[in-house]
Structure formats: C-alpha cells, structure tokens
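To keep things clear, I will list the structure first and then write my remarks on it.
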C-alpha cells in the first residue's frame, strides 16, 4: 500500500502570476524513499483581483485524506513574527502564505498523530510552530560555524560539509548505526531556543541543533522528526537518508491502516 503524503508548497509571486511550487528533488525523495503517492499542498491562496478574499486550507479535510506530511526546504525563511521577533535584515526573503499553512498544519498533524518529516525550512517551521525561536544569521553569532552552502555547482553545494553527533539511543542513531555522520549544510538560520517537547537527535560539532523529534508523538509510537540538512539530495545513495525516508513511509503506512 502506498500512503498519501502531502508536501507543503512554496508560494512564489512573479511580476504577472503567483506560483505554488515544490522542487522535484523533494517530491522524488518522498515518492521513492517513502514509497508514497505525493500531493502538493498550496499555501494561502490570494486572488490577484483587489478585494477578493483569501482562502486558507481546511486542515480538518486535509487530515482526513493524508497519511503523512512532509515540510521541504526553501530559499525563504519563516516570518520571525511567528516566534515573537522582528526581521534582523529588511531584505530577508519571507513566504507568509506558506507559513499560513505550514505552522498550523504542524500543530494539527502532531495533535492527530499524523507522521511528520521536516527538512531545513521545515525543521525551522516545526520549532517555530511549537514555541521555539530561530537564529536568523547563524554565521554572525560568536561560537557557531558558517553553515551556509559553498559556492559552486550542485555537487559542491550538496556535498558533505560537516559531521553531526547523533544522540545515543535516538531514532537517527538507530537508523545510522553510528554515532557521527557527515551531512550537507545549506542554511543560514538555525535553532536558537528549542521548542518545548522537542528532543535533540543531532548536533553539529559547534553545538547547533541539527535534528530533533517530537517527544509526544514518539511516546505514542508515532513519527515526527526533522533535520536541518538535506537528506532528499540523492537519498538513495546515502544510508541514513534512505533509512529516514523508509521510516517515514513505514509510519505513514501504519497510520493509513488505522484510518
């Protein structure tokens, strides 16, 4: 059985149209790695005609048809007002239309036991949705390394960047069968204050949180995990990435069987 997994889309306005889109690498990783049917979930819909009302997703209906939720990465950042902060830099790329779906969807998915996997921005969304805060520019904070991607082609950008220390006895430690793994690194934001109820699964060697799970979900035997790196990049070629997407798909199949 192939579960149905919803993937939250970015909302990209251009000078003529507004696009709701997801990079194919995320869709492919979920379809292949989790062995799932994939549906794209648009953020808040805003009419181009002035005066027309906006439309937000009906979370109750979504939860009735989905067996899992995937929160992909994005060039945009979570609006800092979501965690009680202002913008450090006015030119920061935001996507409040995506926030309008992703943040309440995180809380609803956890409440209903829906399997949840977040990557990069999705990792940050879960932390913000549950009451945590974010560093907006990790590389400018004393004690942290520069976690931004190196300049170059895709092979360079997504190549191994640094090690992370996996929490002994954690989910990722069990999936990796190792205490440390090399990961890529393409982010300038990161966890400042970890949200209540989140348990660290991995840290970079400079101490930055790189992965966590939702304690309440795992206490119920569910699945709610997020990583700051990009496991979707050639997931089939990396043992931990392969195991992570398989675990997500297995959890979604179990959930589908209980609906």
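The values are calculated or read from the model by the stated rules, or taken from the named source; none is laboratory data. All values derive from a computational prediction rather than experimental measurement. For neighbour counting, all protein chains shown are included, and Cβ atoms are generated from backbone atoms with ideal geometry for every residue, glycine included.
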For this session: Would you check if there is a residue in segment 11-26 being without any contact (Cβ under 8 Å) to a residue 40 or more places away in the chain, surrounded by 14 or more Cβ atoms within 10 Å (Cβ to Cβ) and assigned to a loop (DSSP other than H, G, I, E, B)?
Result: no
Problem set entry | Every residue from segment 190-210 that is surrounded by fewer than 21 Cβ atoms within 10 Å (Cβ to Cβ), touching a helix residue (DSSP H, G or I) at 6+ places or on another chain (Cβ under 6 Å) and farther than 21 Å from residue 179 by Cβ | 195, 197
Seminar exercise, completed: Of 42, 104, the only residue that is crowded, with 17+ Cβ neighbours inside 10 Å and closer than 21 Å to residue 226 by Cα is 42
Seminar exercise, completed: The condition of being under 28 Å from residue 250 (Cβ atoms) and touching a residue at least 40 places away in the same chain (Cβ under 8 Å) holds, among 4, 39, only for 4
For this session: Kindly establish whether residue 160 is touching a strand residue (DSSP E or B) at 6+ places or on another chain (Cβ under 6 Å), more than 28 Å from residue 216 (Cα to Cα) and either crowded, with 17+ Cβ neighbours inside 10 Å or at pLDDT 95 or above (or both).
Result: yes
Problem set entry | Selection status of residue 30, in a helix (DSSP H, G or I), under 16 Å from the mean Cα position of the chain (by Cα), in contact (Cβ under 8 Å) with a residue 24 or more places away in the chain and within 20 Å of residue 120 (Cα to Cα) | yes
For this session: Please determine, by comparing only the residues of segment 217-259 that are closer than 18 Å to residue 159 by Cα and free of Cβ contacts under 8 Å to residues at least 12 places away in the same chain, which one is surrounded by the most Cβ atoms within 10 Å (Cβ to Cβ).
Result: 238
